[in-house]
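Below: one structure, written as structure tokens.
The values are calculated or read from the model by the stated rules, or taken from the named source; none is laboratory data. Just so it is clear, the model here is predicted, and its values are computed rather than measured. With ideal geometry, Cβ positions are generated from the backbone for all residues, glycine too; neighbour counts draw on all protein chains shown. Only protein heavy atoms, including side chains, enter the accessible area calculation; ligands, DNA and RNA are left aside. Shrake-Rupley method; radii C 1.70, N 1.55, O 1.52, S 1.80 Å.
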Amino acid sequence: MWLDQEAPIRKQEILLKKPLLNAPGALGFYPNPHTMPFLSHMGAFVTNPISHLSRQPAGNRAYIPFPGGFLLHTGLPNPGITRAISQFKHRWAGAPLPVIVHLLVESPQSMAEMLQRLEGLENIMAVELGLPPDCQPETLGAVLDAARGELPVILSLSPEQVPVLIQVLKENPLIPLHLTEPRGMLPTSQGEWVTGRLYGPAIFPLTIKTVKELRNEGLQVIASGGVTTSWQAKALLAFGVMGVGLGSILWGVDSADFFKHF
């Protein structure tokens, strides 16, 4: 939803001054105005996923192109919540736009601990909870119970998770959803099958179809997945999303043509 100076702000409301933000994993752990000249066009910055303990890059990390996009598998390397706060809290506080910290949900207990560590930090707009691929309704219920605290929460899930979790999502309509890129599987040049996130314009039809289904249920949605042109972002906004997440387009040499429309 857009910023309304007259509207009362409740805990779970996420108010974006501008409708664009980045997909989790697209830009790193903090916004850097020197290398990200497009930040002035965005309403919030989403960090790379952060886990309870540190993670190393996957041994079989891969970039695999296919017609219309590519698969990316990294293992989600990150320093863990303790080092992340130590390294980035001052950069988050001094950022030119609000920050949404993306946390990997490994268990309700570890997630609750990470949330508590983030409370009180400056310029944190919300916490985004990256649900595990095999998340079941009962697990999501436990996650939501453990997420009660001071910071607004966004649930991050991919299109294939929606049918499994839709009933719990409908029972919590005030919690915004961040629909992220779908997962898929492709072989490497050596014939090894690798799973990962799918990026590129080929996945946009799935994104907008899932957005329509979620909006029909009255749910608040931030949508990432396949947006590479301004008309796609505007189409999602016409369906009533509260924000549009950008992924691979931000890695281009010059994305100025996209941003001049916003």
Per the charge dipole of segment 108-196 (beta-carbon charges, Lys/Arg positive, Asp/Glu negative, Cα centre), the residue among 187, 153, 115 reaching farthest to the positive end is 187
Per the Kirkwood formula over distinct C-alpha pairs, the hydrodynamic radius of segment 1-143 in angstrom is 16.6
Taking only the alpha carbons of segment 101-253, the radius of gyration and the largest Cα-Cα distance, Dmax, both in angstrom, are 16.1, 48
Quick calc of log₁₀ I(q)/I(0), segment 108-172, Debye, one scatterer on every Cα, no solvent, q values 0.17 1/Å, result -0.59
In cubic angstrom per residue, the convex hull of segment 62-124 built on its Cα atoms measures 127
Contact order relative to length for segment 187-237, counting C-alpha pairs under 8 Å separated by 6 or more residues, stands in percent at 37
For segment 114-209, the per residue accessible area (1.4 Å probe, Å²) is 45
Taking Cα pairs closer than 8 Å and at least 6 residues apart, the relative contact order of the chain in percent is 20
In segment 48-141, the GluC sites (Glu not before Pro) that sit in a DSSP loop and have at most 16 other Cβ atoms within 10 Å of their own Cβ are 106, 119, 122
Cα pairs beyond 17 Å in segment 177-220, in percent, come to 46
Counting only residues 5 or more apart in sequence or on a different chain, those whose built amide H sits under 5 Å from that of residue 130 are 103, 104, 105, 156
When the charge dipole of the chain is computed with +1 on Lys and Arg Cβ and -1 on Asp and Glu Cβ about the Cα centre, the Cα farthest towards its positive end, among 164, 33, 86, belongs to 33
Extend 7 Å from the Cα of residue 60 along its Cα-to-C-beta direction; within segment 167-211, residues with backbone N under 17 Å of that point are 183-198
With 0.36 nm assigned to each residue of separation and the Cα-Cα distance removed, residue 83 to residue 185 gains 33.5 nm
Within the set 235, 44, 126, GNM on the chain using Cα springs under 10 Å gives the largest fluctuation to 235
Which of (1) 31, 25, 16; (2) 28, 25, 17; (3) 24, 22, 21 gives semi-axes √(5λ) of the Cα gyration tensor in Å as computed here? It is (3)
Of all DSSP beta bridges having both residues in the chain, the percent classed as antiparallel (nearest 5) is 35
Residue separation between residue 145 and residue 213 times 0.36 nm, minus their alpha-carbon distance, gives in nm 22.0 nm
The correct pair for segment 163-262, radius of gyration to one decimal and Dmax as a whole number, both in Å and from Cα atoms, is 15.2, 46
